[in-house]
Amino acid sequence: MPAHEFTLDDLKRILREGAGADDGIDLDGDIVDTDFESLGYESLAMLETSGRIEREFDIILDDETLTDARTPRELIAAVNAVLVPARIG
C-alpha cells in the first residue's frame, strides 16, 4: 500500500489515465471545488476512477463515496478517510 495520502495530483493522474481529459477542461487549473460533471466526468468515468483508486491504494470504497463526493475535494477527503485507518490497522 502506498505510504502517502491521496492527493489532488493523484486524482488528476488517475482521471487522465482512466477517462482522459475533456479538451475544454484544464485539470491543472483550480478544480478542487468544481463538480465532476462540470469537469466532464460522468458516472461511468467515475466508476473507472474509483476502481483505479481502489487497485492502486489497495482499499475498498463504498458506493456512497462516489455518489456523495461531487468535487475533487470531497473525493480526496473520502479516500483519505479510508486510507488513514487502513494504514494504522
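Things worth noting here:
- Counted charge near D30, where neighbours are those whose Cβ lies closer than 15 Å (Asp, Glu -1; Lys, Arg +1): -3
- Per-residue extension of 0.36 nm, minus the Cα-Cα distance of E17 and I59, leaves a gain of 13.2 nm for this segment.
- Between L61 and any residue 5 or more places off or on another chain, the built amide H atoms are never under 5 Å apart.
Quick note: the coordinates plus some simple rules give every number you see, no bench work behind them. No experiment lies behind these values; they were computed from the predicted model shown. When we count neighbours, we look across all protein chains shown, and the Cβ atoms used for this are built from the backbone with ideal geometry, even at glycine.
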